[in-house]
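Visitor: Before I ask anything, here is the structure I am working with.
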Amino acid sequence: MGFSDNERMIFGKGVGCVVIKDDKVLLGRHNYGKGNGLLIIPGGFINEGELPAEAAEREVLEETNVKVRAKEIVSMRFTADDWYLAFRAEYIFGEARVNDSENSEVIWLDIKEALDRKDVPPLTKEAIKSCLKFINSENKYAMKIKEDYDASRESGSYAYYD
């Protein structure tokens, strides 16, 4: 994929989406790198000037042909060098299909089957479990995309869902 002058990928800042519809989760079978042959949630790196939620929505559309709305952050991983946020995303429309060169297959897979399969890596399984925990919780607190982030940054505290 080529980038215009104002669209530059920022390596080390990644996002993904857990998209659940009719008790199935949207996954793509990667065909390169460490994820080669594995079914993972759609996602990728953010572009310069892009908010994480915007990047997550864009990546899902680019990889799967499915339009979503990123909702809550349900999982995060970070190191001294990089970070990754997984959003719960609401399905809007689109037929799941391979839409770029990163995946050889895009499927809606039964959630239980996804959590049991060996070709679904641990990070994807943990993101799915975290999303399910949020969906099934009576306490619907999770970090909202922008409002809570800005408020927590200003107060010096960090909001998270546990």
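The values are calculated or read from the model by the stated rules, or taken from the named source; none is laboratory data. Note that the structure is predicted; figures quoted are calculated from it, not measured. When the accessible area is computed, the model is the full protein with side chains, heavy atoms only, and any ligands, DNA or RNA have been set aside. Shrake-Rupley method; radii C 1.70, N 1.55, O 1.52, S 1.80 Å.
Visitor: Out of segment 28-43, which residues are open to solvent by less than 10 Å² (accessible area, probe 1.4 Å), part of a strand (DSSP E or B) and not aliphatic (A, V, I, L, M)?
Guide: Scanning segment 28-43 gives a single hit, GLY28.
Visitor: In addition: Report whether or not VAL25 is among the β-branched types (Val, Ile, Thr) and in a strand (DSSP E or B).
Guide: So VAL25 passes the test.
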